[in-house]
Number of protein chains: 2
Amino acid sequence: MTPDFSLSAALRMRHFDAWTRATTHRFVQELGAGTLDDRVLGGYLVQDYAFVEELATLVGLAVARAPTMAGKRLFAGFAAILTSDENTYFERCFDSLGIAPSDRADPALWPESRQFLQLLREAGEGGYADILSVLLPAEWIYLDWGEAESASKPARFEHSEWIALHSGPGFAGFVAGVAREFDAAAGMLDAAALDRVSDRFGRMVELEGAFFDAAYR
Amino acid sequence: MTPDFSLSAALRMRHFDAWTRATTHRFVQELGAGTLDDRVLGGYLVQDYAFVEELATLVGLAVARAPTMAGKRLFAGFAAILTSDENTYFERCFDSLGIAPSDRADPALWPESRQFLQLLREAGEGGYADILSVLLPAEWIYLDWGEAESASKPARFEHSEWIALHSGPGFAGFVAGVAREFDAAAGMLDAAALDRVSDRFGRMVELEGAFFDAAYR
């Protein structure tokens with residue numbers, strides 16, 4: 001997907017244990033098998049939805065800070081999906097799983113959710129490479145498990161649509177584009193900034209696994 | 001389209017002469033009639049393209065600063081069109097009109113184009129209402145002339161597609177949404193900020209007419 005010696009590929013390799021822990025987590029395997037407990041899924045979706053607006057904010061900033069029209073197009077398309085198809089998926093799940101209005105609008109946050117929010121906000125205060133240093137691992141990990149589970153066809157939409165949103169050529173092309181943008185932007189960073197984005201990439205990878213763990217707590 | 005006493009409707013009325021000068025300009029009438037001189041259209045498109053990237057930046061900031069998911073969705077959808085369909089329209093026109101590569105990438109800017117760039121950048125440094133105070137008049141004026149010319153069906157795509165991009169229920173719904181967002185955001189401004197966004201709205205309306213004039217210079 002990316003050239004061998006790109007920063008994105010190097011960072012993925014550096015964090016490969018944590019990466020694999022997330023992409024092969026019991027949560028995604030049960031999602032693919034259609035055996036995921038509704039309580040586990042409901043808790044996960046409530047928490048995820050609590051920072052999807054902050055994620056949309058960060059993607060808007062990526063549109064703004066992308067240095068080329070191609071980069072702006074990449075993130076504009078993603079922002080459109082995130083705020084429409086993906087948003088209605090949450091709403092339909094909340095209805096089908098009977099999630100209370102208070103949990104949809106203003107849930108008590110897990111520590112892991114607060115860490116996600118903090119990472120997203122911190123990234124948004126930086127430049128383009130800072131933004132991509134959290135968007136890339138988040139979306140790439142979701143692509144990796146989404147592709148792995150895309151052959152399983154669980155019966156319920158709550159399971160199948162979450163897989164469909166994170167697999168297929170459209171989403172794979174998006175993630176490949178984010179990796180290209182990240183590698184190009186990282187090529188212009190000084191050593192301190194490179195350390196900062198590399199560190200944040202790693203924290204995001206760790207957090208993805210921890211977030212799946214938390215859903216079973 | 002908006003309640004009688006909304007700020008958006010009031011500002012449109014306050015600048016109605018300049019508004020009408022833009023929306024009934026010779027440029028849009030010749031566009032609808034299919035009689036627009038290729039030199040005039042080519043010059044206009046080259047200048048317009050020189051700030052469409054800055055416009056996409058501003059729309060990305062609108063996605064980021066919109067306080068609700070509905071607002072983020074509104075601008076994410078527009079950003080997607082602006083960076084895809086509208087972008088390819090420019091590229092195909094540049095091919096068909098034989099525009100030189102240097103004029104596509106880095107043209108000598110008209111004074112009016114520099115004023116557009118300045119307004120867009122100034123708006124992007126402010127809050128949500130500041131951003132909308134330039135996006136709303138720009139898109140609303142284009143909707144008004146686009147709707148007026150939508151019954152004319154000029155034969156060449158250079159004319160017909162520019163009308164199609166600025167008319168129809170999708171674009172009308174977008175502009176109505178921007179007006180609602182602007183009115184809601186303006187309702188939370190203090191007097192000084194209200195003056196600032198009102199003034200900028202007026203400058204944008206004036207500039208739209210001046211930009212059409214400049215195409216004939």
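The values are calculated or read from the model by the stated rules, or taken from the named source; none is laboratory data. Values in this document were obtained by computation on a predicted structure and should not be read as measured data. Here the Cβ is made from the backbone with ideal geometry for all residues, glycine too, and neighbour counts use every protein chain on show.
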Q. Quick one: would you say A:Leu41 is at pLDDT 95 or above and touching a Gly at 6+ places or on another chain (Cβ under 9 Å)?
A. no
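Conditions (1) surrounded by 16 or more Cβ atoms within 10 Å (Cβ to Cβ); (2) away from chain A (no Cβ under 14 Å); (3) at pLDDT 95 or above, marked per residue:
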position	(1), (2), (3)
B:Leu11	yes, yes, yes
B:Arg21	yes, yes, yes
B:Leu58	yes, no, yes
B:Thr83	yes, no, yes
B:Glu86	yes, no, no
**Q.** Hey, B:Val28 out of contact with any strand residue (DSSP E or B) (no Cβ under 9 Å at 6 or more places or on another chain), surrounded by 22 or more Cβ atoms within 10 Å (Cβ to Cβ) and touching a residue at least 12 places away in the same chain (Cβ under 8 Å) or not
**A.** yes
Q: Filter region A:63-81 down to the residues that are more than 7 Å from chain B (Cβ to nearest Cβ) and part of a helix (DSSP H, G or I), then identify the one that is nearest to A:Ala129 (Cα to Cα).
A: A:Arg65
Q. From the residues in region A:38-54 that are away from every other protein chain (no Cβ under 14 Å) and aliphatic (A, V, I, L, M), which one is farthest from the chain's Cα centre (by Cα)?
A. A:Val40
Q) Residues in region B:192-201 that are closer than 15 Å to B:Ala18 by Cβ and surrounded by fewer than 17 Cβ atoms within 10 Å (Cβ to Cβ): how many? A) 1
Q: Check A:Gly187, A:Gly146 and return the single one that is closer than 20 Å to A:Leu74 by Cβ and surrounded by fewer than 17 Cβ atoms within 10 Å (Cβ to Cβ).
A: A:Gly187
Q) If you scan region A:89-105, which residues turn out to be at pLDDT below 95 and within 14 Å of chain B (Cβ to nearest Cβ)? A) A:Arg104, A:Ala105
